[in-house]
1. If I filter the stretch 164-205 down to residues being among the polar types (S, T, N, Q) and touching a residue at least 40 places away in the same chain (Cβ under 8 Å), which single residue comes out as surrounded by the most Cβ atoms within 10 Å (Cβ to Cβ)?
2. Identify the single condition in (1) open to solvent by 10 Å² or more (accessible area, probe 1.4 Å); (2) of a type outside the set (Ser, Thr, Tyr); (3) part of a helix (DSSP H, G or I) that residue 248 does not satisfy, given that it satisfies every other one.
3. Based on this model, can you work out whether residue 157 counts as under 27 Å from the mean Cα position of the chain (by Cα), touching a residue at least 60 places away in the same chain (Cβ under 8 Å) and surrounded by fewer than 18 Cβ atoms within 10 Å (Cβ to Cβ)?
4. Return the total of residues in the stretch 362-372 being of a type outside the set (A, V, I, L, M) and either within 15 Å of residue 192 (Cα to Cα) or modelled with pLDDT of 95 or more (or both).
5. Quick one: which residue in 166, 194 is basic (Lys, Arg), assigned to a helix (DSSP H, G or I) and touching a Leu at 6+ places or on another chain (Cβ under 7 Å)?
6. If only one of 208, 263 is open to solvent by 20 Å² or more (accessible area, probe 1.4 Å), closer than 25 Å to residue 329 by Cα and at pLDDT below 95, which one is it?
7. For residue 338, all conditions in the list (1) under 14 Å from residue 185 (Cα atoms); (2) outside any helix (DSSP H, G or I); (3) of a type in the set (A, V, I, L, M) hold save one; what is the number of the exception?
8. Do we find a residue being without any contact (Cβ under 8 Å) to a residue 40 or more places away in the chain, loosely packed, with under 15 Cβ neighbours inside 10 Å and under 17 Å from residue 133 (Cα atoms) anywhere in the stretch 24-34?
Amino acid sequence: MKKNQAVISLGSNLGNRLELLQKALVLLEQNDIKLTAISSLYETPAWGFDSTPFYNACAQIETDFNPEELLSVFLEIEEQLGRVLQQSDRYTARQIDLDLLFYENLILNTDGLVLPHPRLHLRNFVLVPLKEIVPQWQHPVLNLTVNELLEQCSDQDDLEKLPFRKWSPPIFDLFPYITIEGNIGVGKTTLAHKMATVYELPLLKEAFAKNPYLEKFYADPVPYALAVEAYFLEDRINQTQLFWKQNKNKAVSDYNIHKSVVFARQNLNSADFKNYQSRFNENLHSQKLPNLMVYLHTDIDILQEQIKKRGRPYEQKIKNQYLKQIEQGYQDLIQSDLPYPVVSISTKNLDFETKEADFQSLLRIIYRASFS
């Protein structure tokens, strides 16, 4: 069933403006409102009154809610974020402001709601971010596009455009050490590297290519299973210990020490796995465990496409059944009594590598875990 398209504006000039807007986006998504496009943030002068500058932005959404229901959701979110509504027609400072700019091409004029928003064409702080996401939208009353509205707007206020990555939520404040996990080819290293770059943090990256048995294992699994898993375990233990001697605070990693058990359980016979698990348990206490594990998952056929795309010769013969078994191993791990929380994220419709909006969407899913 086709969802309704709408565009909203967001603003804040009291308190931690950025954090309030970041939380507003998360709360919108928690109310089953899909964010399909988000503008950059703009720092703008207060409009119509003297006060501290605002952070403003616009977002395009998909929703099953009708306009009146959307307004109710907006009011609930504003209340959650500390806004106290003033019984006045005057403009005032506010922690958060969510406005419905337009809803499809609906023209509406009731006591509680006017659509399109009656003043959107008068405000640079609305039109400029609006131009980023829907430049060709045509005002159904004025019959002008956003580009044309902006050209004719008499508002002379200057807006400071902030880098889009300013939207990145402060996920490492509560979870200083985050590990990214998931099946072969799901994008663990890609995501961990991008997060390390954006947040300017050290990256603990698994040195899988150093394993001298890996290529032999994929060619002939049975005789090399124990060797490949034993090497990985020792290397992960040693690499993690060395990393945390050199780094003391926040970090992101593209693997979690518990992945050792996931793969070993699948690849080893029962006797070898029993001995392996004893060795793992003996060393677990010496490992710095994450504050949060992010588990990425997607369809097996997508994994196979990504495995082929990255082109490692020894991976090209990986069978679907093996990937399914590894996936089940991770599910068993997640459902076990882990000493840290896990956020599970489907990457099926997310291109977090090349689409900044998808990357930010994924970060907000992680950010939600800090709300509980």
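1. Out of the qualifying residues, it is 179.
2. (3) is the only condition that residue 248 fails.
3. Criteria not met by residue 157.
4. 2
5. None of the other options fit; the residue is 166.
6. Going through 208, 263 in turn, the sole match is 208.
7. (1)
8. Checking the stretch 24-34: at least one residue is without any contact (Cβ under 8 Å) to a residue 40 or more places away in the chain, loosely packed, with under 15 Cβ neighbours inside 10 Å and under 17 Å from residue 133 (Cα atoms).
The values are calculated or read from the model by the stated rules, or taken from the named source; none is laboratory data. None of the values given here were measured: they were computed from a predicted structure. So basically every Cβ, Gly included, is an ideal-geometry build from the backbone, and we count neighbours across all protein chains shown. Accessible surface is based on the protein model in full, side chains and every heavy atom, while ligands, DNA and RNA are left aside. Shrake-Rupley method; radii C 1.70, N 1.55, O 1.52, S 1.80 Å.
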